[in-house]
Amino acid sequence: MRRYPQWLVKPFSPDGTARTVRELVGDLDLVTVCESALCPNLRECYSQRQLTFMILGDRCTRTCRFCAVDHGKPQPVRADEPVRVANAVQRLKLRHVVITSVARDDLADEGSGQFVAVVRAVRERNPGVTVETLVPDFHARRELIAQLMTEPPEVFSHNVETVERLTPAVRIQATYARSLEVLRLARSMGPGILVKSGMMLGLGEQPQEVDRAFADLLGVGCTHLTLGQYLRPTTDHLPVAEYLSPERFAWYEQRAYAAGFRWVQSGPFVRSSYHAVDAIDALHVEESVTIE
């Protein structure tokens, strides 16, 4: 039986809102990364009507060694998916929606067209909603990032996941440099959007390597960052090298702010879309202070 440090044990408390959200997602035949990736915050976020829709099916064409999402032959793209996501946003009365996907290397456009269709449908059905797209790397193909920017999100997110040295072992079919290029392209094509990335800690990284990643991310225009604890989904995945204490996460948060990030979420339970709406709220605070 797995034993976690005390700070990684969450108390169980039933919540009717969380159950309602789960039932609605099931009724509309939608997928959330919250469930597919075995997120430890699922009940907390669902109870606050915060969730991340995962489009393009629930089977990934890649086999990252940290991720619990199923991989294998993907399902056909469903033409009605944009409408179903838009309906869910409306019925849940969301003011901020996060949309992610599995990697779809089997498609000519790697799924970028479906992202555009979903974001457009969400906005048409839900005026005023803000959108975050948490995207795969699309092989850093400039034309695909440009396609995404035809319906630009308020927040463009892509995770480097870990430091450069560990990337080949953690993300077998991805590269650190490619992820940085995705973020650079997003910044250059969408100067008014927030550019965000996320990293897992506890895979064996060293502080100086994390600092280097901070500098690399800032260098390509990333201003928003999440840092969370890697948790091993199954024994078939990479083992945890270290469980970082909440104090260590606070230390890394201070270093990230000192390096120049505008917004940082850092803690054992933080995930890439955890409290995602806070980034938008923080921006509005910044703007109001600037105006005053």
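A short reminder: the numbers here are calculations on the coordinates, not readings from a lab. Computed from a predicted structure; not experimentally measured. Cβ sites come from the backbone with ideal geometry, for glycine too, and all protein chains shown count toward neighbours.
For the peptides 203-212, 155-164, the ranking by mean Cβ contacts within 10 Å, running from highest to lowest, is 155-164, 203-212.
Both numbers refer to the Cα atoms of the range 129-168; Rg and Dmax are 12.2, 38 Å. In terms of packing, defined here as the mean over residues of other Cβ atoms within 10 angstrom, the peptides 137-143, 90-96, 181-187 line up highest first as 181-187, 137-143, 90-96.
First check a/c for the range 136-292, with a ≥ b ≥ c the square roots of the eigenvalues of its C-alpha gyration tensor; if it is under 1.5, answer rounded, and if not, answer prolate when a/b is larger than b/c or oblate otherwise. Oblate.
Ala140 sits among other residues whose Cβ lies under 12 Å from its own Cβ, and their net charge, with Lys and Arg +1 and Asp and Glu -1, is 0.
Cα-based values for the range 80-227, radius of gyration first and Dmax second, are 15.7, 47 Å.
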